[in-house]
Structure formats: C-alpha cells, structure tokens
1. Please sort by residue number the trypsin sites (Lys or Arg not before Pro) in the range 38-72 whose DSSP state is loop and whose Cβ has at most 16 other Cβ atoms within 10 Å.
2. Could you compute how much accessible surface GLU76 exposes when probed at 1.4 Å, giving the result in Å² to the nearest 10?
Amino acid sequence: MSAGGAFGGSRGLRPVPPEKGIFPLDHLHECDLEKKEYLNCLKTSGHKSEKCRQFSKKYLQCRMEKNLMAKQDLSELGFRKQSEMEASGDKNNETIDK
C-alpha cells in the first residue's frame with residue numbers, strides 16, 4: 001500500500017485554491033439584500049444582465065467589504081470608471097456605473 005493519504009493523495013501538500021471563481025459562501029447573509037436586489041432585477045428585465053449592472057456592482061462591493069471575496073478594482077471586473085465613460089462618450093451606461 002502507498003504512504004499517501006486517503007484516495008491516493010499526498011498528505012504533506014496543501015491544496016491551493018484558484019485565484020478566481022471560488023470564494024466563501026455568505027453563510028451569515030451579510031449581502032442578502034444586494035443579492036436579492038440583483039436577482040429581482042434579472043427577473044424583471046428578462047435576465048438581461050446589462051440592465052442590472054448597478055445591482056451587480058453593489059453586490060460585488062458588499063462581498064469585498066465583508067471579505068467574502070478578494071478586494072479588486074471594479075474596472076478589472078468589467079465596471080468602467082466614470083471618467084473613462086465620459087471620455088469615450090458612452091452615455092448609455094453613465095447612470096449605471098455611478
């Protein structure tokens with residue numbers, strides 16, 4: 001028999017979680033309001049996520065503030081800064097990303 005752990009794994013190595021994609025669940029329901037607002041928006045908009053960007057942004061900000069995900073610049077998550085939108089002349093998303 002091998003000296004490894006259960007199911008043939010090596011006991012001494014610690015697993016390294018992926019950088020993105022997996023983060024702690026909100027067991028204490030700290031961001032439930034933001035999550036419900038976003039999901040409600042998706043339902044009422046026919047699941048068109050672009051119409052619910054402000055709720056998505058609020059939800060991600062809440063998760064970062066409560067340490068439920070790594071803090072990251074929102075521009076890296078697809079949210080442009082106000083100054084970038086004005087420079088590009090994109091008026092459609094102007095009220096969404098405020």
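The values are calculated or read from the model by the stated rules, or taken from the named source; none is laboratory data. As the structure is a prediction and not an experimental result, all values here were calculated from the model. No Cβ is skipped: glycine too gets one built from the backbone with ideal geometry, and neighbour counts run over all protein chains shown. Ligands, DNA and RNA are excluded from the accessible area calculation, which covers all protein heavy atoms including side chains. Shrake-Rupley method; radii C 1.70, N 1.55, O 1.52, S 1.80 Å.
1. Values: sites: LYS43, LYS48, LYS51, ARG53, LYS57, LYS58, ARG63, LYS66, LYS71; in loops: LYS48, LYS66, LYS71.
Of the trypsin sites (Lys or Arg not before Pro), the ones in loops of the range 38-72 whose Cβ has at most 16 other Cβ atoms within 10 Å are LYS48, LYS66, LYS71.
2. Looks like 120 Å² after rounding.
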